[in-house]
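Colleague: This is the structure I have questions about; it appears just below.
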Amino acid sequence: MAPALPPTSSTVTLNINGEKHTLTVDHRTTLLDALRERLDLTGTKKGCDQGQCGACTVLLDGRRAVSCLQLAVAAEGREITTIEGVAEGDRLHPVQQAFLDLDGYQCGYCTPGQICSAVAVLEEHAAGWPSAVTGDVRPEAGPPPLTAEEIRERMSGNLCRCGAYVSIVEAVARAAADGEKHTEAAA
């Protein structure tokens with residue numbers, strides 16, 4: 001008698017945008033496919049399906065991740081934020097508002113991934129994480145200035161077929177400046 005085959009699917013509970021969703025998925029199902037096809041969260045886009053374009057970027061525990069390379073079963077127990085969960089109620093996130101104000105989109109296909117990445121970029125920068133173009137990487141130097149070069153490097157994993165990069169960089173810079181003003185006002 002042949003040994004029993006291991007199961008090929010599992011029931012997982014995914015915490016997405018503050019809500020728990022329980023579903024049974026094939027072990028090979030990506031987080032992207034679970035979001036779009038099973039949970040109807042279609043803001044996250046399928047671009048290359050190879051982790052190279054960034055259209056499917058979401059936040060996992062506050063860090064950016066390309067959801068096409070993340071298995072849904074491996075995301076259980078993690079805090080998942082999609083573009084649908086970035087805003088605070090009816091109030092747009094400062095990154096979303098800046099993209100809107102400065103035309104940081106053209107066709108809009110890459111925009112959800114760009115925005116999720118930009119949200120994480122601002123958090124990474126505020127935490128003092130250096131990038132490949134950061135001049136002084138010593139922790140005591142503090143966060144590097146968020147120059148256009150820094151923003152371009154930090155956003156380089158997100159491609160825009162329309163070439164709206166100038167407006168995207170401006171939108172990220174505006175959101176960073178607005179965040180600093182908000183922090184100073186609260187202090």
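Colleague: It is to be established whether one or more residues within region 87-103 are within 21 Å of Cys53 (Cα to Cα) and of a type in the set (Gly, Ala, Ser).
Modeller: Checked region 87-103: no residue is within 21 Å of Cys53 (Cα to Cα) and of a type in the set (Gly, Ala, Ser).
Colleague: Six or more apart or on different chains, Cβ atoms under 9 Å: show the pairs whose first residue is in region 131-155 and in contact (Cβ under 8 Å) with a residue 40 or more places away in the chain and whose second is part of a loop (DSSP other than H, G, I, E, B).
Modeller: Met155/Gly54
Colleague: Hey, does region 11-25 have a residue that's of a type in the set (Lys, Arg), part of a strand (DSSP E or B) and touching a strand residue (DSSP E or B) at 6+ places or on another chain (Cβ under 9 Å)?
Modeller: yes
Colleague: In region 86-119, which residues are of a type in the set (Gly, Ala, Ser), out of contact with any helix residue (DSSP H, G or I) (no Cβ under 9 Å at 6 or more places or on another chain) and under 27 Å from Ala148 (Cα atoms)?
Modeller: Residues of region 86-119 that are of a type in the set (Gly, Ala, Ser), as a first pass: 87, 89, 98, 104, 108, 113, 117-118.
Remaining after also requiring out of contact with any helix residue (DSSP H, G or I) (no Cβ under 9 Å at 6 or more places or on another chain): 89, 108.
Within region 86-119, Gly108 is the sole residue that qualifies.
Colleague: Sticking with this structure for a sec: Would you point out which residue out of Asp49, Asp33 is modelled with pLDDT of 95 or more, not in a helix (DSSP H, G or I) and not assigned by TED's automatic domain parsing to the domain that holds Gly108?
Modeller: Asp49
Colleague: For Leu102, indicate whether it is among the aliphatic types (A, V, I, L, M) and not assigned by TED's automatic domain parsing to the domain that holds Ala173. Can you show your working first?
Modeller: Numbers: among the aliphatic types (A, V, I, L, M): yes; not assigned by TED's automatic domain parsing to the domain that holds Ala173: no.
No: the conditions fail for Leu102.
Colleague: Taking helices (runs of 4 or more DSSP H) that do not extend beyond region 82-187, which have at least 1 residues that are touching a Ser or Thr at 6+ places or on another chain (Cβ under 7 Å)?
Modeller: Those helices (runs of 4 or more DSSP H) span 94-101, 111-126, 148-154.
Colleague: Are there any pairs, at least 6 apart or on different chains, whose C-beta atoms fall under 7 Å, with the first in region 1-28 and among the basic types (Lys, Arg) and the second in a strand (DSSP E or B), and if so, which?
Modeller: Note: pairs meeting the criteria are Lys20/Thr13.
The values are calculated or read from the model by the stated rules, or taken from the named source; none is laboratory data. Model, not experiment: these values are computed from the prediction. Virtual Cβ from ideal backbone geometry, glycine too; neighbours counted across all protein chains shown.
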